[in-house]
Amino acid sequence: MGGLRALAARHALLPLRIFLGVTFVYAGLDKLTDSAFLSATGDGSIGDLMRGVRDTSAIPALVDLSLKAPVGFAVALAIGELLVGLGVLAGLLTRIASVGGALISLSLWLTVSWAVTPYYYGNDLIYLVAWTPLVLAGAPYLSLDSLIRSRRSRRTA
């Protein structure tokens, strides 16, 4: 039983990695393939979304910055989500990818979902918190990071 507990403890972050990785890959691909979202104006566009949340966001200046080039911002956001998701799924530069995911979630919380009440209905805050264990621990098992680390340690031994 101790062996099973140790195995479970070693892989405790794997479900979180898979969930966040798949979610961010899906979110990035969804944005990149949605022509309505990748527009400055119109129903479902990034421009309309950002204009709609500007006055209720915690940092209106951040929204104003995105509105200077809404399509470029949308593409950068989508590519960021895609790279973060792939990095976390593969376990490659996991801590750096997780910091990226946390920063994306933080920016979305402070802008898009800031006015959601009660606060626990807003999904971006929980994503921000969910990235924290991966920022702290990385992906020590079943990851390219661990494979690279083990090969380096064999070379130096």
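I'd like to know if region 129-137 contains one or more residues that are without any contact (Cβ under 8 Å) to a residue 24 or more places away in the chain and surrounded by 16 or more Cβ atoms within 10 Å (Cβ to Cβ). For region 129-137, residues without any contact (Cβ under 8 Å) to a residue 24 or more places away in the chain and surrounded by 16 or more Cβ atoms within 10 Å (Cβ to Cβ): absent.
Just one of the numbered conditions (1) of a type in the set (Val, Ile, Thr); (2) open to solvent by 40 Å² or more (accessible area, probe 1.4 Å); (3) under 11 Å from the mean Cα position of the chain (by Cα) is not true of Val88: (2).
Does Val99 fit the bill of being part of a helix (DSSP H, G or I), surrounded by 22 or more Cβ atoms within 10 Å (Cβ to Cβ) and either touching a strand residue (DSSP E or B) at 6+ places or on another chain (Cβ under 9 Å) or at pLDDT 95 or above (or both)?
Working: part of a helix (DSSP H, G or I): yes; surrounded by 22 or more Cβ atoms within 10 Å (Cβ to Cβ): no; either touching a strand residue (DSSP E or B) at 6+ places or on another chain (Cβ under 9 Å) or at pLDDT 95 or above (or both): yes.
The answer is no for Val99.
Give me a count of the residues in region 106-154 that are more than 16 Å from Gly85 (Cβ to Cβ), in a helix (DSSP H, G or I) and in contact with a helix residue (DSSP H, G or I) (Cβ under 6 Å, 6 or more places away or on another chain). Number satisfying all stated conditions: 4.
Would you point out which residue out of Val75, Val71, Val63 is open to solvent by 20 Å² or more (accessible area, probe 1.4 Å), without any contact (Cβ under 8 Å) to a residue 60 or more places away in the chain, farther than 30 Å from Ser143 by Cβ and touching a helix residue (DSSP H, G or I) at 6+ places or on another chain (Cβ under 8 Å)? Break it down stepwise before answering.
Working: Val75 fails: farther than 30 Å from Ser143 by Cβ; Val63 fails: open to solvent by 20 Å² or more (accessible area, probe 1.4 Å).
The unique qualifying residue is Val71.
Based on this model, can you work out whether Ala58 counts as in contact with a Pro (Cβ under 6 Å, 6 or more places away or on another chain), outside any helix (DSSP H, G or I) and open to solvent by less than 60 Å² (accessible area, probe 1.4 Å)? No. Inspect all residues belonging to region 16-36 and state whether any of them is touching a Leu at 6+ places or on another chain (Cβ under 6 Å), assigned to a loop (DSSP other than H, G, I, E, B), at pLDDT 95 or above and closer than 21 Å to Leu106 by Cβ. The answer is no, given that none of the residues of region 16-36 is touching a Leu at 6+ places or on another chain (Cβ under 6 Å), assigned to a loop (DSSP other than H, G, I, E, B), at pLDDT 95 or above and closer than 21 Å to Leu106 by Cβ. Out of the residues in region 38-52 that are touching a Leu at 6+ places or on another chain (Cβ under 8 Å) and of a type outside the set (Gly, Ala, Ser), which is farthest from Lys68 (Cα to Cα)? Among them, the one singled out is Leu38.
Only one of Thr156, Thr117 is at pLDDT below 90 and either touching a His at 6+ places or on another chain (Cβ under 6 Å) or surrounded by fewer than 14 Cβ atoms within 10 Å (Cβ to Cβ) (or both); which? Explain how you work it out, then say what you get.
Numbers: Thr117 fails: at pLDDT below 90.
Criteria check complete, one pass: Thr156.
The values are calculated or read from the model by the stated rules, or taken from the named source; none is laboratory data. Small disclaimer: the values here were computed from a predicted structure and weren't measured. Glycine gets a Cβ as well: all are built from the backbone with ideal geometry, and neighbour counts include every protein chain shown. These area figures cover heavy atoms from the full protein model, side chains too; ligands, DNA and RNA do not enter into them. Shrake-Rupley method; radii C 1.70, N 1.55, O 1.52, S 1.80 Å.
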